[in-house]
Structures are given as structure tokens and as C-alpha cells.
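The values are calculated or read from the model by the stated rules, or taken from the named source; none is laboratory data. Because the structure is predicted, anything quoted here is derived from the model rather than measured. In this analysis, Cβ positions are derived from the backbone assuming ideal geometry, glycine residues included, and neighbour counts consider all displayed protein chains.
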């Protein structure tokens, strides 16, 4: 299909950021299919949550904020988060009639005709006035590179491929990464593995006490400043520190969370430091995070010399038709909700201005 379909807005992604944006589009009078479409390449509702490992139960999820307009209630904390949140997202799409199209792969976003954008997909071409990009990060796991990595005879995998601790029974596992995933993996693996080793580039920072609004605003401000400068964003979680809950306290006491500095190279049978230390390993688990999935926006040339996309509010500074929701400072569940509302407010105002300009002048 080569003929493009005109809509006011295309939303790419149906995770927290995409569904929040679609909800606010509906609330402000945009009709699905006629005025906007939501395109999701995942096979089912749930965003990135549907791919999380089964042992990550809902009770272990940190900081899941409900979507706007509908609370998540009576969830069983013992059930896998992928099931709980997947069902919640599916119900949300149905209740608000968001008509998400899936699976649809967005191939490229470029310049269209008449000031519109051109969104090329596996299901045809759309021609919107505005784009809300809510693609998140799950599709771009970050794999660091270290000398000797290709010589390792054991298994290497990323958090995105982690299916649970049972598969590591009796193995010696090196977990790389100082974020929440790294500590969760270690705490789960320890009872099964023959041995675990935790390595990080920087010493981990543990946070005691409640994470109040003031601390949250300060963390978001740090991420926001990088985005304003056109630098690749760090996640909000990366600047908040690790919550010192009971499980983490126990892991520290038991020596499971005994952090070592980053190794200098990988050997065929493990990892090594320049001071002569060596640890034998069967598995290296990279809990090293994700990067924003933005390759489809490349034709628009939005990236700054620093490697990131400079964003003002939710708008790309290089192309104000493009809104990034769930990017940088809004890459949290509550941040995505707020950014979705802000993006739709801006798009609504721009649409009114465009419509007024297209009206013929009164005689």
C-alpha cells in the first residue's frame, strides 16, 4: 500500500507513555482512526512489561504508577508483573476505546507533503501533522564492549533475555550493572548459582528512607538538564539511587551484594583485572540498561552533536511536530503520564492554529 492516510496525530508505542497520550487525545476530542492512530509493534498489550521475566512478580515492582483515568486495583502481588500489567493495559485500551493497531512495525519517519510527516510502516503509510514518539527503550538493550569479550567460552546474556534464576543452577555467574535490575538478578540468582560476583563501573549508591516529591523533582531535573543540552539521557532511576529495602539489606549482610570494581578484560573462562585478579565464570549477565529506541526517526536528523535529541517540554527542538514522551525526564510511569498530557495540550493548540490558517478569509 503506497497511498498515505491522513490523520492529525500518529502515536508510536502503546506502553505507559503511548496509552497516556492516546487517553488525553480522546479526552480533548480527537477520535481514534479518524484523527489519530496508535501503532504498536508488540504482539499484545502490556508494553515492555509483557517481556519481563516471570519471577518479577507485581509485588517486586518499584514505582508502578497507574495510567490516567483508571486505577490498577486488587492486583495479586504474587502474580508475574507481565501478566498483571498486561491485563491492566488490555483492559485500559478496551475501556477507553483506543483501538491500538498491532503488530505494526514503524520503519521510518520523514518529511511528507504539505508540512506533514510521513510515517512508513509495515501496514502502510500515515501522514500526520504531529507525531508522539513513545517507543521507550526495551528494544535497544545496551551491551558494553570489553577486550576479549569474543573469546569467552561461556554464555553472555542481557537483562532483556533473562527468564528467571533457575537456568543458572550450579553455575558461576558474573552480574554487571549497578541498577535495580542488577541487584534484583543477584538476589534471585544467589540461591541457585554456584557463585555470584557483582561488578559495576561506579560504587552503588543506596537510598534510605522515603523517596519524596522533592527528591523526585531533583532527580528529574538532573535528567532534564542533559536533554536540554542535547546529550543522551540517563534514566531517572540512575540518579535516584537504589532503595535500601529489606531484601537489599539482607543481600548486603549475606555478601551477595558485595560489589567489585569493573573488570578490565574478559578471558575465555572468566573476567580479569589489571592488578592480577581473575574470577572464573560460566555466565556473564549484562544488567547494563537500555537506550532510547529512536532509529526510525533518523531521516528527520533530530540528533544533536552530543548524541541526544534536544527536547523543549516534549517537543523536539529540531522539529516541533515531533513529541518525545517517555524520553529522558519522562522515562518513568508517572513522568510518562504527565508528558502525554503536555504533548497533547501542545498538539491541540497547534492543530487549532493550523486549522485557523487553512480557513478562507471572510469576504
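Mind checking which residues of segment 252-261 are under 27 Å from the mean Cα position of the chain (by Cα) and surrounded by 16 or more Cβ atoms within 10 Å (Cβ to Cβ)?
Result: 257, 259.
For segment 173-192, how many residues are assigned to a loop (DSSP other than H, G, I, E, B) and either touching a residue at least 60 places away in the same chain (Cβ under 8 Å) or within 15 Å of residue 142 (Cβ to Cβ) (or both)? Before you say what the answer is, go through the steps one by one.
Within segment 173-192, the first condition is being assigned to a loop (DSSP other than H, G, I, E, B), and the residues that meet it are 177-179, 190-192.
Still in the running and either touching a residue at least 60 places away in the same chain (Cβ under 8 Å) or within 15 Å of residue 142 (Cβ to Cβ) (or both): 177-179, 190.
Total meeting the criteria: 4.
Which one of these does residue 47 not meet: (1) touching a strand residue (DSSP E or B) at 6+ places or on another chain (Cβ under 9 Å); (2) at positive phi?
Unmet for residue 47, out of (1) touching a strand residue (DSSP E or B) at 6+ places or on another chain (Cβ under 9 Å); (2) at positive phi: (1).
Does residue 124 count as over 29 Å from residue 158 (Cβ atoms) and in contact with a strand residue (DSSP E or B) (Cβ under 9 Å, 6 or more places away or on another chain)? Break it down stepwise before answering.
Values: over 29 Å from residue 158 (Cβ atoms): yes; in contact with a strand residue (DSSP E or B) (Cβ under 9 Å, 6 or more places away or on another chain): yes.
Criteria met by residue 124.
Test each condition in (1) under 28 Å from residue 187 (Cα atoms); (2) at pLDDT 95 or above for residue 331 and report the one that comes out false.
Among (1) under 28 Å from residue 187 (Cα atoms); (2) at pLDDT 95 or above, residue 331 violates only (2).
Inside segment 58-106, can you point out the residues that are modelled with pLDDT of 90 or more, closer than 23 Å to residue 185 by Cα and in contact with a strand residue (DSSP E or B) (Cβ under 8 Å, 6 or more places away or on another chain)?
Matches in segment 58-106: 58, 77, 78, 79, 80, 81.
Residues that are surrounded by fewer than 19 Cβ atoms within 10 Å (Cβ to Cβ) and touching a strand residue (DSSP E or B) at 6+ places or on another chain (Cβ under 9 Å): list the strands (runs of 3 or more DSSP E) wholly contained in segment 276-339 that include at least 3 such residues.
Answer list for segment 276-339: 278-280.
I'm told residue 131 meets every condition in (1) within 23 Å of the chain's Cα centre (by Cα); (2) in contact (Cβ under 8 Å) with a residue 24 or more places away in the chain; (3) in a loop (DSSP other than H, G, I, E, B) except one. Can you identify the failing condition by its number?
(3)
Quick one: in segment 1-42, which of the residues that are part of a loop (DSSP other than H, G, I, E, B) and under 17 Å from the mean Cα position of the chain (by Cα) is farthest from residue 347 (Cα to Cα)?
Initial filter on segment 1-42 (part of a loop (DSSP other than H, G, I, E, B)): 1-3, 13-15, 28-31, 33-35, 40-42.
From what's left, under 17 Å from the mean Cα position of the chain (by Cα): 13-15, 40-42.
Details: 13: 17, 14: 18, 15: 20, 40: 21, 41: 24, 42: 26 Å.
By that ranking, first place goes to 42.
Quick one: in segment 215-246, which of the residues that are in a helix (DSSP H, G or I), modelled with pLDDT of 70 or more and touching a strand residue (DSSP E or B) at 6+ places or on another chain (Cβ under 9 Å) is farthest from residue 305 (Cα to Cα)?
Ranking the qualifying residues of segment 215-246, first place goes to 224.
Of the residues 344, 271, 311, 322, which single one is farther than 24 Å from residue 89 by Cα, in the same structural domain as residue 10 (by TED's automatic domain parsing) and at pLDDT 95 or above?
Values: 344 fails: farther than 24 Å from residue 89 by Cα; 271 fails: in the same structural domain as residue 10 (by TED's automatic domain parsing); 311 fails: at pLDDT 95 or above.
When all the criteria are applied, what remains is 322.
Given the options 100, 119, name the one that is buried (at least 20 other Cβ atoms within 10 Å of the Cβ) and under 28 Å from residue 56 (Cα atoms).
Numbers: 119 fails: under 28 Å from residue 56 (Cα atoms).
Answer to the selection: 100.
Given the options 160, 130, name the one that is buried (at least 17 other Cβ atoms within 10 Å of the Cβ) and modelled with pLDDT of 95 or more. Explain how you work it out, then say what you get.
Details: 160 fails: modelled with pLDDT of 95 or more.
Being buried (at least 17 other Cβ atoms within 10 Å of the Cβ) and modelled with pLDDT of 95 or more holds for just one of 160, 130, which is 130.
Please work out if residue 145 is closer than 30 Å to residue 274 by Cα and either modelled with pLDDT under 95 or exposed (fewer than 13 other Cβ atoms within 10 Å of the Cβ) (or both).
Working: closer than 30 Å to residue 274 by Cα: yes; either modelled with pLDDT under 95 or exposed (fewer than 13 other Cβ atoms within 10 Å of the Cβ) (or both): yes.
Yes.
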